[in-house]
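Here's the structure, in structure tokens; my notes come after.
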Amino acid sequence: MSTKDWIEKDYYKVLGVPKDASPEEIKKAYRKLARANHPDQNPGNTAAEQRFKEISEANDVLSNTAKRKEYDEARRLFGSGGFRFPGSGSRPSGPSVDDLFRNAGGGLGDIFGGLFNGGPTTQTTRFTTTRGPRRGSDVEGEVTVDFVQAIEGVTVAMQMVSDTACDACRGTGARAGTIPRVCPTCEGSGMQTSTSGGVFAVTEPCRECRGRGMVVDDPCPVCHGSGRGKSTKTMQVRIPAGVTDGQRIRLKGRGGAGENGGAPGDLYVTVHVRPHPIFGRKGDNLTLTAPVTFQEAALGAEIEVPTLHGAPVKLRLSPGTPNGRTLRVRGKGVSKRDGSKGDLLVTVEVLVPQALNEQAREALNSYAEAVGSVNPRAKLFAAG
């Protein structure tokens, strides 16, 4: 995730939530917007695709407690005009936010650690020039699979866009055949400390090199000296068996590439499952509603029901089976991590005839006379 994006983009506005929104509110807003703008729902709509990417990027930050805290702190410190950045309407040679944080290494604390500690009285202080590894950014994506695919597991192709080193200059920011030179002002540190009357020591990015520590005399024409580019690639992602609707899967090391030998980021995939026309799911169990006739429920019967995998199974109804009774078929549910399977839960639904011919009507009247007059609602009044 680009630090510059953290400061210039209002992720709360993207998701349409207030800055004090709870994690549940953020999750609800993200799911609603993601479904409406998902590429599967808007084939060929580039505007919806771009909107979906912005929504996923905002959710990646705001749904993560640590990232959200750092994002809020960065916007509080930098978003008020204390520093000026390229493209913000200020001087065009302002420092790059990405380079500011990249050189700082330890985060906001390293940048502002000497702000109120008296600091040195000289105009410029040299910082360490060591640039350690930087972990790649995490990438967020979504896929939609069928009900059966979610139960069995499936491998799907996903097109991912992530931040990577510019191919033309290999991340240096300089035109091919040239190399950057060490900034003479900050001596490669990328940072400067200035004092005002010996009271405050203010740390800020070097104005000469924009906080990078290096000066590019002949910028790369592809990335314009930034050293960064966008990588679009299609990867095969394995969705494990038994995944549930809305589940978020982490694929370690499948995100954006790292810098200076840093580890790659992770890929987070949110899975959406299309409903099945007859089967449902309850944990590791599959559910099914089986209609039966009045005579089957009253007299008892042997009925046949389908299964998600394999041949149908037979169930025996006891005489007098009530409407809504659930029967269990063991081992016909969802595969578990230990290799075992859940069950198939079959709920009986007694059908009431919508129309009767004269012969059937007479038969039911005879049945009523045979059993006598019984009020099935008598207990309702007795309880009062």
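So here's what we get for this one:
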| read-out | value |
| --- | --- |
| Hits in the stretch 331-367 (condition: part of a helix (DSSP H, G or I) and either open to solvent by 50 Å² or more (accessible area, probe 1.4 Å) or touching a strand residue (DSSP E or B) at 6+ places or on another chain (Cβ under 9 Å) (or both)) | GLU358, GLN359, ARG361, GLU362, ALA363, LEU364, ASN365, SER366, TYR367 |
| Output for the stretch 59-70, where each listed residue is open to solvent by less than 60 Å² (accessible area, probe 1.4 Å) and over 14 Å from PRO23 (Cβ atoms) | none |
| Unmet criterion (only one of (1) open to solvent by 20 Å² or more (accessible area, probe 1.4 Å); (2) under 30 Å from PRO353 (Cβ atoms); (3) assigned to a strand (DSSP E or B)) for LYS233 | (2) |
| All positions within the stretch 184-194 that are modelled with pLDDT of 75 or more and either in a strand (DSSP E or B) or buried (at least 20 other Cβ atoms within 10 Å of the Cβ) (or both) | CYS186, GLY188, SER189, GLY190, MET191, GLN192 |
| Among residues of the stretch 369-384, those that are within 60 Å of the chain's Cα centre (by Cα) and assigned to a helix (DSSP H, G or I), counted | 6 |
| Test result for SER226, at pLDDT below 80, under 30 Å from VAL145 (Cα atoms), small (Gly, Ala, Ser) and under 29 Å from the mean Cα position of the chain (by Cα) | no |
| Verdict on ALA241 being farther than 16 Å from ASP138 by Cα, of a type in the set (A, V, I, L, M, F, W, C), modelled with pLDDT under 90 and surrounded by fewer than 16 Cβ atoms within 10 Å (Cβ to Cβ) | yes |
| Unmet criterion (only one of (1) of a type outside the set (A, V, I, L, M, F, W, C); (2) open to solvent by less than 50 Å² (accessible area, probe 1.4 Å); (3) closer than 30 Å to THR185 by Cβ; (4) modelled with pLDDT under 75) for GLY173 | (4) |
| For LYS19: the one exception among (1) farther than 30 Å from THR203 by Cβ; (2) open to solvent by 50 Å² or more (accessible area, probe 1.4 Å); (3) in contact with a Phe, Trp or Tyr (Cβ under 6 Å, 6 or more places away or on another chain) | (1) |
| Yes/no for ARG328 being touching a residue at least 12 places away in the same chain (Cβ under 8 Å), in contact with a Leu (Cβ under 9 Å, 6 or more places away or on another chain) and more than 30 Å from MET160 (Cα to Cα) | yes |
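The values are calculated or read from the model by the stated rules, or taken from the named source; none is laboratory data. Every value quoted in this text rests on a predicted model; they were computed, and no experiment measured them. Ideal geometry is used to build each Cβ from the backbone, glycine not excepted, and the neighbour counts take in all protein chains shown. These accessible areas exclude ligands, DNA and RNA; they are computed on the full protein's heavy atoms, side chains included. Shrake-Rupley method; radii C 1.70, N 1.55, O 1.52, S 1.80 Å.
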